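Below: the structure, in structure tokens.
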Amino acid sequence: MARFLKSCYGGKAVHIPDGFLSTPVWAALDTAAVPAVAWVARRAQRGFDDRQAPLLGLMGAFVFAAQLINFPVGAGTSGHLVGAALLAFTLGPAAASVVMTAILGIQALVFQDGGLLALGANIVNMALVGVLAGYLPYRLGGAGEWRRFSIFAGASLSVVVAGCLALSELLISGVRMQTSLLGISLAVFLVSAILEGVITLAVVRSLERIQPTLLQDSPPHKSPALLFIAVAAVLLASVGVLFASQAPDAIEQLTEHAGPRSFGWLRQAGTGLAGLALIYGLCLAIGRTVSRNRSV
Amino acid sequence: MRHVILERWSRGESCVHRRDPRAKIVALITFLAVVATAHRALAWLAPGLLLLLLAGLVLAKLPLTGALVRAALVVPFTGVFALICWFAGEPALGLRLLAKSYLSALAVIWVVATTPLPALLNGFEMTGVPRFLLVVCQFLYRYLFVISEEAQHMSKAAAARGTAARNWTAPGPSFRAAAGALGVLFARSYARAGDIHRAMLARGFDGRFLQLHSENFRPADTAFALVASLAPVAVRLTVERVVG
């Protein structure tokens, strides 16, 4: 069963397809993702010159291609790179988020890997929180004696956090899972996280030998205690969400009793779409004003 | 590669191919929302929506079996969760997940197989997605195959030099070889990005891709968007009125 699960998770990342998440969950995450992606794109564009667009596109293509190179792990199994943390170490977190968002979009459209309505959820899990969780340890301990450990920890953390978020979203949406299966999937996440950490560390070290200028500088002299606190906070937050979602019945009952029987879905969808439209209009308006102010 | 087929289908010629990408995006989002919010009478609703999609595929002159098989790409992931639900004693929930995700994937295929991806991404720009993100997507899609081929060449070359002969007890050397290959691939992609940027600047690239076709939203597009987005809503209302 463990191997079965591993094959379905692709060993690594969980791309949630459409139809799995309940309406409140996907609508909320979509509305959260829209302004976040707009902000991240603006920030990434500002951070570099306009050479950035081809560079980020090629880095996205690199992450796709990296999946074709297998890393032997022993006992006949092999793994491959996910890449969110590696992108964060080399391009910085904002640009890495943009690349991961582009990857998720292309995967949803062309490869049927993850849904379109669930794109917001996947972006939040992997491109926003996953990249941030990967960058945090590197930012705090990327220089000095903790460097190798923080690279490993960042890459592992990005996989664990993204996986736990996806799992808890599924559980909140009412996908039933026995406790034993939950334990197995957490174990799978942990194993693939360690694998991602080892692979990322090996790639970063080979990159340091070829072209050390490609890696982002991180500020020197940060205390390792701060690093541990930050890492623990991220880990606790994601695991906490997971355990909170173990009891989704309350949420489900709430939504079941709240909606009237006939045409309840129409009203529900209408409210959701109205909320989306509101956020969308707000983002558009803010974007217009900001760009106008800048051009003046 | 197996996804090139979508690219070939999208260059076809039919009344669906000719419609504006924005109209198709509106129809797709409506369809997905109708599927995602459905709870009751799914046993009747799912076949109804499937028939609707089949009609769309026929209208677009796409190969039916090819599209249906292609949408089954979601089944491995969904199937595992359906089995989990089955073991948890809720086979109906498992079937619901399977039906919903399959229908959604087929709808996405219907749109992607009738619109070339650059045009589709351009259509998303009109709906307010940041242009920078879409330009990154365009570059990503353009160089996806180039870089993937390079990766395949590298792993083939490495295999020819003996990395494929696995040492079960000590995977260290071939692990390091793979890491080295990825490092080289990374540095090469980085350098290639600079070359591409200079070449595009020399050709007058100003951060946006120009389109050969005009982007006028014609009355036919409006009619198409209306019909194609009202159809799934109508199917759902009818089914729920009759069965529910």
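Remarks
- Among residues of the stretch A:130-145 being modelled with pLDDT under 90 and under 16 Å from A:Ala44 (Cα atoms), the one that is surrounded by the fewest Cβ atoms within 10 Å (Cβ to Cβ) is A:Leu132.
- Matching residues in the stretch B:161-191 - criterion: being modelled with pLDDT of 80 or more, more than 7 Å from every other protein chain (Cβ to nearest Cβ) and outside any loop (DSSP other than H, G, I, E, B): B:Ala177, B:Arg188, B:Ala191
- Residue among A:Ala121, A:Ala96 that alone is without any contact (Cβ under 8 Å) to a residue 40 or more places away in the chain, within 13 Å of the chain's Cα centre (by Cα) and under 17 Å from A:Val161 (Cβ atoms): A:Ala96
- Test set (1) within 20 Å of B:Ser189 (Cα to Cα); (2) surrounded by fewer than 24 Cβ atoms within 10 Å (Cβ to Cβ); (3) more than 7 Å from every other protein chain (Cβ to nearest Cβ) - A:Ser97 fails condition number: (2)
- Scan the stretch A:168-184 for residues that are in contact with a helix residue (DSSP H, G or I) (Cβ under 6 Å, 6 or more places away or on another chain) and under 25 Å from A:Ala85 (Cα atoms) and the total you get is 3.
- Of all the numbered requirements in (1) within 11 Å of chain B (Cβ to nearest Cβ); (2) within 11 Å of the chain's Cα centre (by Cα); (3) free of Cβ contacts under 8 Å to residues at least 60 places away in the same chain, A:Leu104 misses one, and that requirement is (3).
- Any hit, the stretch B:15-37, residues being among the small types (Gly, Ala, Ser) and modelled with pLDDT under 85: no
- Residue match in the stretch A:196-217 (condition: within 7 Å of chain B (Cβ to nearest Cβ), in a helix (DSSP H, G or I) and over 26 Å from B:Leu185 (Cβ atoms)): no
- Residues being assigned to a helix (DSSP H, G or I) and within 11 Å of chain B (Cβ to nearest Cβ) - total across the stretch A:171-195: 7
- Within the option set B:Leu45, B:Leu59, being more than 30 Å from A:Val37 (Cβ to Cβ), surrounded by fewer than 22 Cβ atoms within 10 Å (Cβ to Cβ) and of a type outside the set (Phe, Trp, Tyr) holds for one residue only, B:Leu59.
- Among the residues of this structure, B:Trp9 counts as one that is within 18 Å of A:Phe111 (Cα to Cα) and more than 11 Å from chain A (Cβ to nearest Cβ).
- Note on the stretch A:48-69: among residues that are more than 7 Å from chain B (Cβ to nearest Cβ) and at pLDDT 70 or above, the one that is farthest from B:Lys156 (Cα to Cα) is A:Gln52.
- Test for B:Gly207: is it facing another protein chain (nearest Cβ under 7 Å), closer than 30 Å to A:Ser173 by Cβ and surrounded by fewer than 18 Cβ atoms within 10 Å (Cβ to Cβ): no
The values are calculated or read from the model by the stated rules, or taken from the named source; none is laboratory data. Please read all numbers here as calculations on a predicted model, not as lab measurements. No Cβ is skipped: glycine too gets one built from the backbone with ideal geometry, and neighbour counts run over all protein chains shown.
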